[in-house]
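Working notes for the structure below.
The values are calculated or read from the model by the stated rules, or taken from the named source; none is laboratory data. Just so we're clear, the structure is a prediction, and the values are computed from it rather than from any experiment. FYI the Cβ positions are ideal-geometry reconstructions off the backbone, even for glycines, and counts take in every protein chain you see. Remember, those area values only see protein heavy atoms, side chains included, never the ligands or the DNA or RNA. Shrake-Rupley method; radii C 1.70, N 1.55, O 1.52, S 1.80 Å.
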Amino acid sequence: MCEAKYRAWSEEHNRYCDFVTLDDIGRWIGWIESCKTFLTTIDIILEQATGVKDKNGNMIHVGDIVKMKYPYDKRCIGKFVVVRDPNSPRIGLLDKTKTDEIFNLYNYMSNHYEVIGNINENPGLLSKDKPNEEE
């Protein structure tokens, strides 16, 4: 069994924790070095790593915004949010700009994905006013 990996977002501090782990009684805790602050489960939003890396070798987490391209001609298919599918145990790609349909993340080779931001730090990347076009 592989170890689950997470990152943690603090809305209060508007940044990711530098460190996140479970404490002795099973609560998630995060640490923000610049603030010298410990945060607990109720203070953070956990985002699980998917086990899939993008074309640049970056681990893809739930909450990331990824750009996907066609494999042969490299045209941009779209920008998607990585989400846990509420209807199944899978992790998928949510198409917020078109249909809110969820595609299975694992159906595509990771070299078709590129992490371009995340929903916490870059929510404007998914604006419905911005079409999914080549950049």
Residues within the range 85-107 that are of a type in the set (Val, Ile, Thr) and either closer than 14 Å to residue 63 by Cα or modelled with pLDDT of 80 or more (or both), tallied: 2
Residue that is within 30 Å of residue 109 (Cβ to Cβ) and among the charged types (D, E, K, R), where the choices are 36, 53: 53
Contacts under 7 angstrom Cβ, first residue in the range 80-109 being more than 23 Å from residue 45 (Cα to Cα), partner assigned to a helix (DSSP H, G or I) and open to solvent by less than 30 Å² (accessible area, probe 1.4 Å), 6 or more apart: 97/126
Odd one out for residue 93, checked against (1) closer than 24 Å to residue 8 by Cβ; (2) part of a loop (DSSP other than H, G, I, E, B); (3) touching a helix residue (DSSP H, G or I) at 6+ places or on another chain (Cβ under 6 Å); (4) not β-branched (Val, Ile, Thr): (2)
Subset of the range 108-126 (residues that are in a loop (DSSP other than H, G, I, E, B) and either at pLDDT below 70 or surrounded by 13 or more Cβ atoms within 10 Å (Cβ to Cβ) (or both)): 108, 119, 120, 121
Residue count, the range 32-83 (criterion: in a strand (DSSP E or B), more than 15 Å from residue 8 (Cα to Cα), open to solvent by less than 30 Å² (accessible area, probe 1.4 Å) and not β-branched (Val, Ile, Thr)): 6
Top-ranked residue in the range 111-127 [being touching an Asp or Glu at 6+ places or on another chain (Cβ under 6 Å) and not acidic (Asp, Glu); ranked as nearest to residue 9 (Cα to Cα)]: 118
